[in-house]
Amino acid sequence: MAALEIVLVPALSDNYVYLLHDAGTGATAVVDPGEAPPVEAALAARGWTLTQIVNTHHHHDHTDGNDALKAKYGVPLVGPRAESARIAGMDVMVGDGDTVQVAGHSAIVYETPGHTTGHVSFHIPDSQALFCGDTLFALGCGRMFEGTPTQFWKSLSTLRALPSNTKIYCGHEYTQSNARFAVSVDGGNAKLKARAAEIDRLRAAKQPTVPSILADEFDTNPFLRADDPAMAAAVGMAGADPIAVFAEIRKRKDAF
Ligand SMILES: [Zn+2]
């Protein structure tokens, strides 16, 4: 089966909604529609018909388009079982280790708490694609609204273990500000500095920085490197537990 065609749909101020389209069957899923109109426009522009909605977590900037899209297209909503009380209208509920069909392609579900307690991520191996909402960002991670450092580090460690060529489709275009922070805590990282320069070039040209590649995140994202002795040393915590290093980096980002 050919890989899914994946379209970025900018929404709200800095969200990315994704359309996932199988050219063979016409199946088309939308991931995290924070609003419906740009999704409807993107579908119409391509002559595609929506067949499924997928949510990673309950925040309104990822779910507020659900109702209008369900009403217009009559399609099922897939979302995290743990959020049945906070996401209305779920038809298919998924949890850790489940396999669910997304636009007709097998997606493996990982529970990735930290940003919210019920957050899930969807890995679609045949398209080398990860939809991780607000858990992992290009050069960053989500704010820790509901989870603990222990949970969040475990979630990021799970995603980090996916194939290194995995494309990271995250929920927001935050990369340039994430890069400034990353350089502030890891300024000796030559790969990071080169990547930050490339991000500046892309944003100056009004180009998206998403998706990124997991291998690049592994080398340059400070939140994925909390167990790297060089990262611990860079924040003055040589020898400290990775969870403590992660918590410190997260705290510094909150205050950046
Ligand atoms: Zn969120």
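The values are calculated or read from the model by the stated rules, or taken from the named source; none is laboratory data. These figures come from a predicted structure and were not determined experimentally. Cβ sites come from the backbone with ideal geometry, for glycine too, and all protein chains shown count toward neighbours. To get the accessible areas, we keep the full protein, side chains included, count just its heavy atoms, and leave off ligands, DNA and RNA. Shrake-Rupley method; radii C 1.70, N 1.55, O 1.52, S 1.80 Å.
The table that follows gives values for the structure above.
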{"read-out": "Heavy-atom accessible area ranking, 1.4 Å probe, most first, across MET93, MET231", "value": "MET93, MET231"}
{"read-out": "Antiparallel content of DSSP bridges confined to the chain, in %, to 5", "value": "70 percent"}
{"read-out": "Shape box of the stretch 5-254 [Cα atoms, principal axes, largest first, Å]", "value": "54, 39, 30"}
{"read-out": "Under 12 Å from the Cα of LYS191 - aspartates and glutamates, other chains or at least 8 residues apart", "value": "ASP216, GLU217, ASP219"}
{"read-out": "Separation between Cα centres of the stretch 1-78 and the stretch 126-170, rounded to whole Å", "value": "20 Å"}
{"read-out": "Degrees between helix 37-46 axis and first principal axis of the chain (Cα, 0 to 90, nearest 10)", "value": "70 degrees"}
{"read-out": "Structure-based [θ]222 nm, the chain - -39500 (n - 2.57) summed over DSSP H runs of at least 4, per residue, nearest 500", "value": "-9500 deg cm²/dmol"}
{"read-out": "For the chain: accessible area per residue (Å², 1.4 Å)", "value": "40 Å²"}
{"read-out": "Relative contact order, percent, the stretch 5-254 [alpha-carbon distance under 8 Å, six or more residues apart]", "value": "13 percent"}
{"read-out": "On Cα atoms only, tilt of 190-204 relative to the major axis of the chain in degrees", "value": "40 degrees"}
{"read-out": "Computed E for ALA41/LYS167 - FRET, C-beta separation, R0 25 angstrom, nearest 0.05", "value": "0.55"}
{"read-out": "Estimated vicinal HN-Hα couplings, Hz - the stretch 234-245 in sequence order (Karplus 6.51, -1.76, 1.60; Gly, Pro = x)", "value": "5, 9, x, 10, 3, x, 6, 4, x, 5, 5, 5"}
{"read-out": "Accessible-area order (highest first, 1.4 angstrom probe) of the listed residues ARG195, ARG203, ARG180", "value": "ARG180, ARG203, ARG195"}
{"read-out": "Carbon + sulfur, % of accessible area of the chain - ligands and nucleic acids excluded, 1.4 Å", "value": "54 percent"}
{"read-out": "Degrees between helix 175-185 axis and first principal axis of the chain (Cα, 0 to 90, nearest 10)", "value": "20 degrees"}
